[in-house]
1. Checking ILE311 against (1) at pLDDT 90 or above; (2) surrounded by 13 or more Cβ atoms within 10 Å (Cβ to Cβ); (3) among the β-branched types (Val, Ile, Thr), which test does it fail?
2. Only helices (runs of 4 or more DSSP H) wholly contained in the stretch 1-95 count here; list those with 1 or more residues that are of a type in the set (D, E, K, R) and either touching an Asp or Glu at 6+ places or on another chain (Cβ under 6 Å) or within 19 Å of GLU130 (Cβ to Cβ) (or both).
3. Do we have ILE167 as open to solvent by 30 Å² or more (accessible area, probe 1.4 Å), of a type in the set (A, V, I, L, M, F, W, C) and either closer than 23 Å to MET277 by Cα or in a loop (DSSP other than H, G, I, E, B) (or both) here?
4. Quick test for you: out of TYR269, TYR329, TYR288, TYR317, pick the one residue that is closer than 22 Å to GLY68 by Cβ, surrounded by 14 or more Cβ atoms within 10 Å (Cβ to Cβ), at pLDDT 95 or above and hydroxyl-bearing (Ser, Thr, Tyr).
5. Among what's in the stretch 1-34 and is among the β-branched types (Val, Ile, Thr) and open to solvent by 100 Å² or more (accessible area, probe 1.4 Å), pick the residue that is modelled with the lowest pLDDT.
6. Between a first residue in the stretch 231-250 that is modelled with pLDDT of 65 or more and a second residue that is aromatic (Phe, Trp, Tyr), which pairs have beta carbons less than 6 Å apart while being 6 or more apart in sequence or on different chains?
7. Go through the stretch 124-156 residue by residue and tally those that are farther than 30 Å from LYS252 by Cβ, in a loop (DSSP other than H, G, I, E, B) and open to solvent by 10 Å² or more (accessible area, probe 1.4 Å).
8. What number goes with the only condition from (1) touching a Lys or Arg at 6+ places or on another chain (Cβ under 6 Å); (2) among the aliphatic types (A, V, I, L, M); (3) touching a residue at least 60 places away in the same chain (Cβ under 8 Å) that ILE81 does not pass?
Amino acid sequence: MNTTLYYRMFIFIFLSFLTINICIDYYLYIISLLVLKITNSYIESKFKELLPVDKKAVLITGCDTGFGHFIAIRLAKDGFIVFAGVLDINDKGANKLKDRKLPNLHLIQLDVTKSVEIQDAVDHVQKIGEGLWGVINNAGFGIPGDIEFCLLDHYRKCQEVNLNGQIAIVKAFLPMIRKSKGRIVNVSSVAGRFSWPGLSNYNITKHGVETLTDSLRLEMAKFGVGVSMIEPGAFSHATGFASDEVCKRLKKHVDDMWNASTPEMKETYGEKYPYLMYQMFLGLNSEYTDANAEKNVVPIMDAMVDALVNIRPKPRYLVAGGTGLCDIYALYAIFCPYLPEFISDYFISRHTGCYKSIAEQTN
């Protein structure tokens with residue numbers, strides 16, 4: 001071990017003892033704080049004031065699958081006028097929404113990267129004549145892969161949808177939202193609070209969404225517009241994030257990465273390595289069922305509804321998911337911003353196995 005590592009261990013031990021001593025000396029205050037936190041959560045849920053739905057109009061992007069698909073159905077059933085933006089109005093996801101035959105659910109062809117389709121959506125909403133109360137910026141996707149493998153074009157595509165797409169939708173519909181003093185709800189992720197090996201493409205955009213939403217919330221305060229973000233945890237098993245279509249696209253992306261790799265990269269990593277993330281997505285895909293998906297995303301939908309109709313919406317809704325006792329990704333989102341990097345790096349590297357050699361990871 002070198003001197004730097006010894007010194008870091010010393011700092012960690014010192015901080016640990018300091019934390020323990022603070023907890024011992026001020027345990028009454030800490031217990032009181034925990035009680036206040038628990039009672040605050042109860043009081044907020046029990047006594048929150050909600051605005052009437054009263055046919056409020058809401059535009060949602062990315063309604064083909066996942067959160068967007070289910071929240072469109074939920075809001076329409078709750079009495080909202082819903083403008084559900086889909087990437088392909090003739091595709092399977094859009095047809096499933098049509099089959100629901102909900103009279104107040106309007107499907108819109110809306111690719112958030114195309115300015116013409118965004119303007120057509122604005123014109124359509126204005127034509128209906130009910131105004132616009134809320135926007136749920138939900139459209140998004142990711143292309144996993146190490147930075148050395150991911151193509152610049154992959155980064156651009158992901159940023160165009162996840163970040164620039166949200167900006168474009170906000171700018172297009174903000175005049176109507178200001179007029180109604182309504183709500184903007186941006187879907188971020190726990191990945192917007194920490195970094196993860198092999199997911200930089202996705203994480204970069206979600207960090208951007210966090211900044212976008214925080215800035216917009218401060219700018220819109222003077223107009224009485226509420227701006228919130230939803231930070232879902234581990235919900236891949238319950239959304240279209242690892243659907244058959246996504247896995248097929250991911251396979252093509254990984255093929256492109258491998259084909260564009262230099263001979264030196266191919267020799268260093270081997271062909272199995274870039275496909276590890278694809279194999280993980282196939283595992284997530286096997287856990288997905290339509291029957292359970294809508295039930296599993298109820299906490300996300302509840303957060304979205306609260307952000308739309310609560311008189312005092314939260315700036316952030318961190319919603320834990322997962323299928324075990326706790327959502328480890330939500331815990332990372334809570335604690336990583338406060339931990340020294342050498343501690344957070346230790347836990348994440350152990351969790352992901354990124355510290356292992358290529359041979360160990362691919363065997």
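1. Of the numbered conditions (1) at pLDDT 90 or above; (2) surrounded by 13 or more Cβ atoms within 10 Å (Cβ to Cβ); (3) among the β-branched types (Val, Ile, Thr), the odd one out for ILE311 is (2).
2. Output list reads 66-78.
3. Values: open to solvent by 30 Å² or more (accessible area, probe 1.4 Å): yes; of a type in the set (A, V, I, L, M, F, W, C): yes; either closer than 23 Å to MET277 by Cα or in a loop (DSSP other than H, G, I, E, B) (or both): no.
Against the criterion (open to solvent by 30 Å² or more (accessible area, probe 1.4 Å), of a type in the set (A, V, I, L, M, F, W, C) and either closer than 23 Å to MET277 by Cα or in a loop (DSSP other than H, G, I, E, B) (or both)), ILE167 does not qualify.
4. Details: TYR269 fails: closer than 22 Å to GLY68 by Cβ; TYR329 fails: at pLDDT 95 or above; TYR288 fails: at pLDDT 95 or above.
Exactly one of TYR269, TYR329, TYR288, TYR317 is closer than 22 Å to GLY68 by Cβ, surrounded by 14 or more Cβ atoms within 10 Å (Cβ to Cβ), at pLDDT 95 or above and hydroxyl-bearing (Ser, Thr, Tyr), namely TYR317.
5. Residues of the stretch 1-34 among the β-branched types (Val, Ile, Thr): 3-4, 11, 13, 19-20, 22, 24, 30-31.
Of the ones still in play, those that are also open to solvent by 100 Å² or more (accessible area, probe 1.4 Å) are 3, 24.
Values: THR3: 74, ILE24: 82.
Among those that are among the β-branched types (Val, Ile, Thr) and open to solvent by 100 Å² or more (accessible area, probe 1.4 Å), it is THR3.
6. These pairs meet every condition: GLY233/TYR329; ALA234/TYR329; CYS247/PHE281; LEU250/TYR278; LEU250/PHE281.
7. Step one: of the stretch 124-156, the residues farther than 30 Å from LYS252 by Cβ are 124-135.
Subsequent filtering for residues that are in a loop (DSSP other than H, G, I, E, B) retains 129-133.
If we keep only those that are open to solvent by 10 Å² or more (accessible area, probe 1.4 Å) too, we end up with 129-131, 133.
Qualifying residue count for the region: 4.
8. Condition not satisfied by ILE81: (3).
The values are calculated or read from the model by the stated rules, or taken from the named source; none is laboratory data. It should be emphasised that the depicted structure is a prediction, and the values quoted were computed from it without experimental measurement. For neighbour counting, all protein chains shown are included, and Cβ atoms are generated from backbone atoms with ideal geometry for every residue, glycine included. Note: areas computed on protein heavy atoms with side chains; ligands, DNA, RNA excluded. Shrake-Rupley method; radii C 1.70, N 1.55, O 1.52, S 1.80 Å.
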